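Peer 1: Have a look at this one.
Derivation of every value follows stated rules applied to the coordinates shown; laboratory data play no part. Predicted model only: the values in this text are computed from it and were never measured. Every residue, glycine as well, gets a Cβ built from its backbone with ideal geometry; the counts of neighbours run over all protein chains shown.
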Amino acid sequence: MYQNLAVVAAFLLAYSIFAGRFESRLVNGPLMFMLAGLLLGPAALGVLAPHIGKEGIKLLAEMTLAIVLFSDAANANLKVLRIHDALPLRLLLIGLPLTLLAGWLAGYWLFPQVPVLELAILATILAPTDAALGKAVVSNPAVPAPIREGLNVESGLNDGICVPVLLLFLALLLDVQTHQPLTLAVKLIIEELGIGALVGAGLALLVWQLLRVSAKHDWQMPMWSQLTLPGLALLCFALAQALGGSGFIAAFVGGLFTGHLLDKQKHQMLQASEEIGSLLSVITWLIFGALVIPMAWSSFTIEVWLYALLSLTVIRMLPVFISLLGTGFDTQSRLFIGWFGPRGLATIVFAVMIMDSHLQAMNTLLATAICTVLLSVLLHGLSANPLAARFNRKKMGAG
């Protein structure tokens, strides 16, 4: 245990000191963490050998996504949805459904033995994007503001939107497996969504009122106030789960309400949430590299690799290209936006969510999700800085 802790702490310390050097080049944080997990883990050097089971990985991934969902939703500037040719709105309302359809069709072609509902679940698992993997893009001023803001808002909201879609398909699958009336599936999805939304909205309103009372009496302390929103994010998730609802819907809705209620105050209070989410993400990526990839490697068939490659290219890029027709973006910009749809944390958590669902093609679905995330971390991590730099050269050439 102490050896594992020492290895993780040493890696975090070294990376924190030289992060600027690494991320100004070809690599980003998630890529470094995953590669470190692979190198240091049992598959290579063996100095990092975490003894963590399925439940431990599930809890870590769920907590990480709950905080990230909450923070992304709270940070989302919904006014962006009404400007810049409504880029995020097009990506979410046109591009996302088309991506789900394209993912299902590709699965139907490559995995004919997999039931159609399970193919829909696979498409949903791989639909959400992760802005952290393309941080060099969404934080680079060389990339035009509409593109940066559009990708950032899309990645902040599409995982929250995909949660009810995934729950719906799982409920329909349960209905088919148990030969129960469709009303049971509808009832289950309504309970998951309703309880989750009510818990998220209710806790956000309650905490906002408590913060107003505390501020009125000057009871707040800067150090402790940083823990308010991380605590709220985890409470939204855990309470909704305990009551039979979706904790992810609760975290997402709670974040949206909190961001709206706190307004300008939210940025200062969200700093700790983002930092805690980043720390948990580091640990998640290390575990992903050290344990998850080696365990799934033998299941990476040619069909799995091909689907993963299609998921990052045609399945994502063609729907995005179609959704942006008539917006004024040139072909290069539309292809750029389509390419930067990296798959990461949400896909990992969604894959963990289906592990208890008794799917017929469980191994195929998990292997495909893990393979896609692996390729995404590598390809998007290596291409983010160079492709962002092309916009800078293009802008300088135009000038």
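Peer 1: With springs only between Cα atoms under 10 Å apart, run a GNM on the chain and tell me which of Glu275, Glu118, Glu149 wobbles the most.
Peer 2: Result: Glu275 has the largest fluctuation of those listed.
Peer 1: Once phi is turned into θ = phi - 60°, what whole-Hz ³J(HN,Hα) does the Karplus curve with 6.51, -1.76 and 1.60 give for every residue of the range 268-277, x standing for Gly and Pro?
Peer 2: 5, 6, 8, 4, 5, 4, 5, 5, 5, x
Peer 1: Compute the length gained on full extension between Val213 and Ala145: take 0.36 nm times their separation in residues and subtract their Cα-Cα distance, giving the result in nm to one decimal.
Peer 2: Between Val213 and Ala145, full extension yields 20.7 nm more.
Peer 1: Equivalent ellipsoid semi-axes for the range 2-398, as square roots of 5 times the alpha carbon gyration tensor eigenvalues: give them largest first, rounded to whole Å.
Peer 2: 28, 27, 25
Peer 1: What is the packing order of peptides 295-305, 215-225, taking the mean over residues of other C-beta atoms within 10 Å and listing the highest first?
Peer 2: Descending mean neighbour count gives 295-305, 215-225.
Peer 1: Another one. With the calculation restricted to Cα positions, what are the radius of gyration and Dmax of the range 194-309 in angstrom?
Peer 2: When restricted to Cα atoms, the range 194-309 yields Rg and Dmax of 18.7, 64 Å.
Peer 1: Tell me which of Val304, Gly381, Gly103 sits at the most positive position along the dipole axis of the chain, charges placed on C-beta atoms (Lys, Arg +1; Asp, Glu -1).
Peer 2: Farthest towards the positive pole: Gly381.
Peer 1: How far apart, in nanometres, would the label points at Arg390 and Leu39 be if each is projected 7 angstrom from Cα along the Cα-to-Cβ direction?
Peer 2: 2.8 nm
Peer 1: Mind counting lysine pairs for me in the chain? Cα separation below 23 Å, and the two need to be 8 or more apart along the chain or on different chains.
Peer 2: Eligible lysine pairs with Cα atoms under 23 Å apart amount to 8.
Peer 1: Whole-Hz ³J(HN,Hα) for each residue in the range 29-39, computed from phi via Karplus 6.51 cos²θ - 1.76 cosθ + 1.60 with θ = phi - 60°, x for glycine and proline: what do you get?
Peer 2: Working through the residues one at a time gives x, x, 5, 4, 5, 5, 5, 5, x, 4, 5 Hz.
Peer 1: Once you put a point 7 Å from the Cα of Leu198 and another 7 Å from the Cα of Glu275, both along the Cβ direction, what distance in nm separates them?
Peer 2: About 3.7 nm, to one decimal.
Peer 1: Let me ask another. Using the crude model of +1 on Lys and Arg Cβ and -1 on Asp and Glu Cβ, and no other charge, please compute the dipole size for the chain relative to its Cα centre, in debye to 20.
Peer 2: It works out to roughly 1060 debye.
Peer 1: Hey, what do the phi angles of the range 283-300 turn into as Karplus ³J(HN,Hα) couplings, whole Hz, using 6.51/-1.76/1.60 and θ = phi - 60°, x for Gly and Pro?
Peer 2: In residue order, the calculated couplings are 5, 4, 5, 4, 5, 4, x, 6, 10, 5, 4, x, 5, 8, 4, 5, 8, 7 Hz.
Peer 1: If I model a spin label as a point 7 Å beyond the Cα along the Cα-Cβ vector, how far apart are those points for Ser16 and Ile190 in nm?
Peer 2: 5.0 nm
Peer 1: Can you tell me how the range 109-173 classifies by the Cα gyration tensor, rounded, prolate or oblate, using a/c under 1.5 as the rounded cut?
Peer 2: Here the range 109-173 falls in the prolate category.
Peer 1: If R₀ is 30 angstrom, what is the calculated FRET efficiency for the pair Gln113 and Leu93, using the beta carbon separation as r and rounding to 0.05?
Peer 2: After rounding to 0.05, the efficiency reads 0.35.
Peer 1: Further question: What is the extension gain from Trp297 to Gln360, computed as 0.36 nm multiplied by their sequence separation minus the C-alpha to C-alpha distance, in nm to one decimal?
Peer 2: Separation in residues times 0.36 nm, less the Cα-Cα distance, equals 20.7 nm.
Peer 1: Once every DSSP H run of n ≥ 4 in the chain is given -39500 (n - 2.57) and the sum is divided by its residues, what mean residue ellipticity at 222 nm do you get, rounded to the nearest 500 deg cm²/dmol?
Peer 2: Rounded to the nearest 500, it is -24000 deg cm²/dmol.
Peer 1: Here's another thing I want to ask about it. Take each of the peptides 7-15, 226-234, 150-158, average the number of other beta-carbon atoms within 10 Å over its residues, and list them starting from the highest.
Peer 2: Result, highest mean Cβ count within 10 Å first: 150-158, 226-234, 7-15.
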